[in-house]
Amino acid sequence: MQQICKGIFMVTCAGGISVLKPPVNIYIIPGKNGMIFDAGYGDRRSVDFLLKEISKIRAYCKKHCTGTDLSQIMVSHSHPDHFSGLYELKKKLGLSVLLTSDMSKLITSKKEYRKSYVETLNSGEYRSQKHRLINIFKPVADVLYEKNYGTRFLKRADVIIEADSYININNKLWRVFHCPGHCDDHICLYNQETGVLFAGDNVLRSITTWIGPPRSSLTKYLSSLLYMKKLPGLKIILTAHGSPVLNPKQRIKQILKWRALRTLQVYTVIKHSKQKSLSLDDIVKKIYEGQGWIKYKMAEGWIQLTLEHLEFKGRIARDRSKNKAVCYYCN
Ligand SMILES: [Zn+2]
């Protein structure tokens, strides 16, 4: 653990050997009514490690005559690397769990949670029929994922908070605001007095945030980035993975520029194609030519969202009869 800002400690829990379980940051803010932000993984090893780190933080705070209370916990969004540890942390530390109503629906119901990842016809309109067949194998994948992350579901939230509201942490006012894009129920936490922003997975220092269907939206992600860039007094972004962002506005500008380049790349493929219309598969293969099936699978999520964004912007249109993306402006 390390004290990353005055009174805010960061604990990084190791993930697994695969990229599917990356190391994740949990933030501990002890005081008069202290808060834990994000809960990490729920497997025994991760929870035990976190509890030991929390004991060390409390001992440090006691030694330095600052408050040691931790009475509440909230999560940035309902992805399993952020909420799976909630159940055990609540049980072991007697925490009050604060969730938005959107998060609460999924974190308190395995059925609803699993349902939220089913790609509907609507979310997969750019995908060919064979992609929808993947849903047949989803129940097996659900069990494997939940085991890997140690995912546990709560019976209920203790407090339902508005997605746009203020909360009190150690007599300081923190603003909670809805920040969708990476995940539909993502919230951020901001204290204007200190300029500290907990951005979850929305802004990472050295890697690009994953986006993909069915719970992401590039259009909403870009709006969220613009909103965060304009936060008055923003000084530091505390991220869910990796080290803090010390140049927040510059980093957000880099991400916006990267997404604009990627969007142009997809649009250019469609615009200069000799074919009248292109499927998602066609576009993925043109952008990642010769890079193999695994790369194609990893990339098709952001490309699908980019197609949806281009359609929203009126740059392309869908040929619904063929389930293909069609270039709208070909001049
Ligand atoms: Zn996430």
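FYI, it's all coordinate maths here, none of it is from the lab. What you are looking at is a predicted structure, and each value in this text was computed from that prediction instead of being measured. Note that we place each Cβ from the backbone using ideal geometry, even for glycine, and neighbour counts take in every protein chain shown.
Using R0 = 25 Å, the C-beta based FRET efficiency linking H272 and K313 works out to 0.85.
Modelled this way, with points 7 Å down the Cα-to-C-beta line, the labels at R175 and D48 are 4.3 nm from one another.
Calculated from the alpha-carbon coordinates, the stretch 259-327 shows an Rg and a Dmax of 11.2, 31 Å respectively. Packing order of peptides 240-246, 8-14, highest average first: 8-14, 240-246 (average count of other Cβ atoms within 10 Å over each peptide's residues).
Extension gain for the segment D164 to K297, taken as residue separation times 0.36 nm less the Cα-Cα distance, is 44.4 nm to one decimal. Look at W210, W302, W293 and count the other Cβ atoms within 10 Å of each Cβ; fewest to most, that gives W293, W210, W302.
Pairs from the list K111/K147; K111/K138; K56/K155 with a Cα-Cα gap above 20 Å: K56/K155.
Partner aspartates and glutamates whose Cα lies under 12 Å from the Cα of K235, excluding those fewer than 8 positions away in the same chain, are identified as E193. For the options K276, K235, K63, a Gaussian network treatment of the chain with springs between C-alpha atoms closer than 10 Å singles out K63 as fluctuating the most.
Here the relative contact order of the chain, from alpha carbon pairs under 8 Å that lie six or more residues apart, stands at 14 percent.
Please identify, among S116, S216, S78, the residue showing maximal mean-square fluctuation in a Gaussian network model of the chain using a 10 angstrom Cα cutoff. Result: S116 has the largest fluctuation of those listed. Take the Kirkwood radius over Cα pairs of the chain, plug it into Stokes-Einstein at 4 °C and 1.567 mPa s, and you get 62 µm²/s for translational diffusion. The order of L189, L86, going from fewest to most other C-beta atoms within 10 Å of their C-beta, is L189, L86.
Between I294, I237, I161, the Gaussian network model of the chain with springs among Cα atoms under 10 angstrom shows the greatest mean-square fluctuation at I294.
Of R45, R262, the sequence from fewest to most neighbouring Cβ atoms within 10 angstrom is R45, R262. Per-residue ellipticity at 222 nm computed for the chain from its helices equals -11500 deg cm²/dmol, with DSSP H segments shorter than 4 residues left out and the rest contributing -39,500 (n - 2.57). Computed packing ranks the peptides 51-61, 144-154, 173-183 as 173-183, 144-154, 51-61, most packed first, by mean other Cβ atoms within 10 Å. Its alpha carbons give the stretch 156-238 an Rg and a Dmax of 13.2, 39 Å. Note on D142/W210: beta-carbon distance plugged into 1/(1 + (r/R0)^6) with R0 of 22 Å gives a FRET efficiency of 0.75.
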